[in-house]
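The values are calculated or read from the model by the stated rules, or taken from the named source; none is laboratory data. Keep in mind the model is a prediction, meaning the values are calculated, not measured. Every residue, glycine among them, receives a Cβ derived from its backbone with ideal geometry; neighbour counts consider all protein chains shown.
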Amino acid sequence: MKLREIAHSRTGDKGNISNLSLIAYRMEDYPRLRQEVTAERVKEWFRDIVQGEVIRYEIPSLGAFNFVLKDALGGGVTRSLSLDAHGKSLSSALLDMEL
């Protein structure tokens with residue numbers, strides 16, 4: 001099962017940091033997401049992109065997580081040669097993860 005089947009995601013950026021939200025469609029899926037989508041797993045999933053640490057913040061009242069991916073945008077929007085310097089496609093890439 002792909003992550004996109006039980007959750008949706010949005011991406012933001014600030015400098016060389018990408019910020020990914022992960023939000024369960026149904027609150028009953030939140031515990032599974034909490035168990036399976038760890039900071040370590042997200043860092044491994046984006047191993048070719050993220051050079052720094054990944055921090056996961058939990059927001060149980062919303063059935064959501066916020067992942068902060070440091071050193072993830074090739075130096076930041078004004079310095080990166082990346083095709084997606086803002087990292088907007090990272091949310092779609094995260095949802096492709098198998099559970």
Legend entry - Breaking point among (1) surrounded by 14 or more Cβ atoms within 10 Å (Cβ to Cβ); (2) free of Cβ contacts under 8 Å to residues at least 24 places away in the same chain; (3) over 12 Å from the mean Cα position of the chain (by Cα), for Tyr30: (2)
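Answer yes or no as to whether Arg41 is modelled with pLDDT under 95, within 12 Å of the chain's Cα centre (by Cα) and surrounded by fewer than 17 Cβ atoms within 10 Å (Cβ to Cβ).
Values: modelled with pLDDT under 95: no; within 12 Å of the chain's Cα centre (by Cα): yes; surrounded by fewer than 17 Cβ atoms within 10 Å (Cβ to Cβ): yes.
Answer is no for this residue.
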Legend entry - Residue among Leu69, Leu73, Leu90, Leu62 that alone is closer than 17 Å to Arg10 by Cβ, in contact with a His (Cβ under 9 Å, 6 or more places away or on another chain) and either surrounded by 13 or more Cβ atoms within 10 Å (Cβ to Cβ) or at pLDDT 95 or above (or both): Leu73
